[in-house]
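Just so it is clear, none of the values below were taken in a lab; they were calculated from the coordinates. Since we're looking at a predicted model, the values are computed, not measured. No Cβ is skipped: glycine too gets one built from the backbone with ideal geometry, and neighbour counts run over all protein chains shown.
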Amino acid sequence: MASIRREVVLNATIDTVWDALRDLGALHTRLVPGFVLDTRMEGDDARIVTFANGMVVRELILDVSEEQRRVAWAAVDTPMTHYNASFQLFDKGQGRTKGVWIADLLPHDAAPDIAAMIEQGLAAMKKKFG
């Protein structure tokens with residue numbers, strides 16, 4: 001299984017970033033505008049995400065942890081046989097927040113494309129929060 005880990009430091013408080021991250025249906029406006037064009041919730045445990053590259057993915061929400069400031073999800077009905085990911089926040093002090101995005105996926109050869117998408121998502125976050 002391929003595993004991808006990327007980090008970003010944002011110039012915003014952890015409370016500000018967490019408020020956007022946990023707003024599951026507002027990726028396109030509050031967390032990663034430009035990278036995600038639309039997010040539509042299906043009940044409380046799934047969302048349909050439309051990416052700027054045209055990809056549309058159904059994501060099952062696995063966990064939203066207030067204590068850990070972490071959201072975990074799994075992409076389903078994709079060409080990949082497995083995809084789960086999480087994004088967790090850490091307070092860096094002085095109004096800065098570190099975000100850690102971890103994704104595990106199969107097949108292995110999808111990893112370069114997914115890593116590139118993750119990096120685009122982090123760049124959109126950096127643009128949003130500085």
**OP:** Any residue in the range 117-130 that's in contact (Cβ under 8 Å) with a residue 60 or more places away in the chain: show its pairings with residues that are assigned to a helix (DSSP H, G or I) at Cβ separation under 7 Å, as long as the two are six or more apart or on different chains.
**Re:** Met125/Leu31; Lys128/Leu31; Phe129/Val17
Original post:
So which residues in the range 93-111 are touching a strand residue (DSSP E or B) at 6+ places or on another chain (Cβ under 9 Å) and either hydroxyl-bearing (Ser, Thr, Tyr) or over 11 Å from Val8 (Cβ atoms) (or both)?
Top reply: Thr97, Ile102, Ala103, Asp104, Leu105, Leu106, Pro107, His108, Asp109, Ala110, Ala111
Original post:
closer than 25 Å to Val9 by Cα and among the hydroxyl-bearing types (Ser, Thr, Tyr) - does that describe any residue in the range 71-87?
Top reply: yes
**OP:** Determine if the range 13-24 includes at least one residue that is part of a strand (DSSP E or B), under 14 Å from the mean Cα position of the chain (by Cα) and surrounded by 15 or more Cβ atoms within 10 Å (Cβ to Cβ).
**Re:** no
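Assess whether Asp113 counts as being of a type in the set (Asp, Glu) and in a helix (DSSP H, G or I).
yes
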Original post:
If you take the residues in the range 78-110 that are in a strand (DSSP E or B) and of a type in the set (S, T, N, Q), which one is farthest from the chain's Cα centre (by Cα)?
Top reply: Thr97
Original post:
Which residue pairs have Cβ atoms under 9 Å apart, sit 6 or more places apart or on different chains, and have a first residue in the range 84-98 that is in contact (Cβ under 8 Å) with a residue 40 or more places away in the chain and a second that is of a type in the set (Ser, Thr, Tyr) and not in a strand (DSSP E or B)?
Top reply: Asp91/Thr13; Gly95/Thr13; Gly95/Thr16; Arg96/Thr13; Thr97/Thr13; Thr97/Thr16
Original post:
For Glu66, are the conditions met, namely being more than 19 Å from Ala116 (Cα to Cα) and not aromatic (Phe, Trp, Tyr)?
Top reply: yes
**OP:** Taking only the range 40-62 into account, find how many residues are assigned to a strand (DSSP E or B) and more than 14 Å from Ala75 (Cβ to Cβ).
**Re:** 2
